[in-house]
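The values are calculated or read from the model by the stated rules, or taken from the named source; none is laboratory data. Not measured: the values here are computed from a predicted model. Note that each Cβ is placed from the backbone with ideal geometry, even for glycine, and that neighbours are counted across all protein chains shown.
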Amino acid sequence: MLFAAAEAFRRNVSTVFLTTGVAFILVIVLAGCGGASGENGGGASGDRIRVRLDKSQAGQLLRYYFGGYTTPPGADPFRRGLLSERDGRYFVNLDSMAGRHPKIARKLRQAAGGNALNWDELAAFLQQTYYDTCDVPATRAKLLDRLKWPSDSSAWFGVEVDGVMTSARRRVRVREAALRHALTRYQENDEELIYPDSTTIIGGHYQDGELAETTVMRKRADGFWDFVTYGPNGKLAAETSTPPRALKSPTECVGCHMGTRGFEPEESFPAEAPSGPHGPRAVHVGERMRDAEVVRFFQEHARRSDMVLGLYNTLFVSKLRAERRDGTIAPKDRKLLSNLGL
């Protein structure tokens, strides 16, 4: 609390000529009055808007959404003074937003229409401004260029999936280095699969063999993920376009990834999943990668320890175990399996 108050004091007073003892007393007074704009403070002294989400984990959701509007993106918006909380009530500090993004601050005020912002108004604001601060390229081509795809395609692990998100066939890829990072730190991360910052998971959605859209997850410095959609023209899109329904990025992505509900075909794996009302549900891998022991070991989909629903580590480790049985495994991969106890 003292640290947050001191930070607020330094931000709001340009020149302070105080003795050390007096300065300390003033900081104590500020802390006691709840005037700081830190995580437990009552908000900035200037204009602010109350946010009424009426949702569970409201603070966590706000930390996720507004983490993208900090400078740099991915910082804690409470500690940066962009958000504040008092007695379970949450506020967006417009002065802080205006100092970073003046145009976005004006849009936020317009979205609220007053001094309170409900979920529908917040969602509309996010859809209008989210990509403006995301560290993602404006086109799919530029994204692939940044990721060095396909020139560096051998460094990526891929799987094809038919699932509930879309009736299109999804071709999902993630760098093997990101999987190895999560796996080598599995024990020290309390048996959670945690990806490194900047990990990118890219999914091409194909209909009749043609690319219809691309969805992307990119991990931020704060541990949350940005959710991005590129449309059939390769440009950023506000939502997906393939059946059974459009999904807005990021507001209709976060709920599934932060929730606990299971989805097919991952929930049934390694068994085959039943077809759904909009088509087949399947992880398209052979028996070599349907290793029931590995599935039980990680419980990757159920635990979603890094908000990732896919079975990428499970499938990768299953592949390595198959290579060990064949006698084709590399020494570093044999050591990885041994360290995991698999």
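Things worth noting here:
- Yes/no for residue 204 being surrounded by 15 or more Cβ atoms within 10 Å (Cβ to Cβ) and modelled with pLDDT under 95: no
- Test: residue in segment 75-87 that is surrounded by fewer than 18 Cβ atoms within 10 Å (Cβ to Cβ) and among the small types (Gly, Ala, Ser): no
- Per the listing 282, 237, the residue uniquely at pLDDT 95 or above, surrounded by 17 or more Cβ atoms within 10 Å (Cβ to Cβ) and touching a Ser or Thr at 6+ places or on another chain (Cβ under 6 Å) is 237.
- Among the residues making up segment 314-342, those that are among the β-branched types (Val, Ile, Thr) and either assigned to a helix (DSSP H, G or I) or surrounded by fewer than 13 Cβ atoms within 10 Å (Cβ to Cβ) (or both) are 314, 317, 328.
- Segment 131-151, subset assigned to a helix (DSSP H, G or I) and of a type in the set (Lys, Arg), residue nearest to residue 236 (Cα to Cα): 140
- Checked against the criterion of being within 15 Å of the chain's Cα centre (by Cα), surrounded by fewer than 18 Cβ atoms within 10 Å (Cβ to Cβ), free of Cβ contacts under 8 Å to residues at least 40 places away in the same chain and farther than 30 Å from residue 329 by Cα, the candidates 231, 255 yield just one match: 255.
- Of everything in segment 53-99 that is assigned to a loop (DSSP other than H, G, I, E, B), among the charged types (D, E, K, R) and touching a residue at least 24 places away in the same chain (Cβ under 8 Å), the residue that is farthest from residue 220 (Cα to Cα) is 54.
- Residue identified as within 19 Å of residue 169 (Cα to Cα) and over 25 Å from the mean Cα position of the chain (by Cα) among 331, 274: 274
- Of all residues in segment 170-190 being in contact (Cβ under 8 Å) with a residue 60 or more places away in the chain and charged (D, E, K, R), the one that is surrounded by the fewest Cβ atoms within 10 Å (Cβ to Cβ): 176
- For the condition in a helix (DSSP H, G or I) and among the polar types (S, T, N, Q), residue 154 qualifies.
- Scanning segment 86-139 for residues that are over 21 Å from residue 57 (Cα atoms), over 22 Å from the mean Cα position of the chain (by Cα) and not aliphatic (A, V, I, L, M) gives 95, 96, 99, 102, 103, 106, 107, 109, 110, 113, 114, 115.
- Scanning segment 100-153 for residues that are over 24 Å from residue 50 (Cα atoms), without any contact (Cβ under 8 Å) to a residue 12 or more places away in the chain and of a type in the set (Lys, Arg) gives 142, 146, 148.
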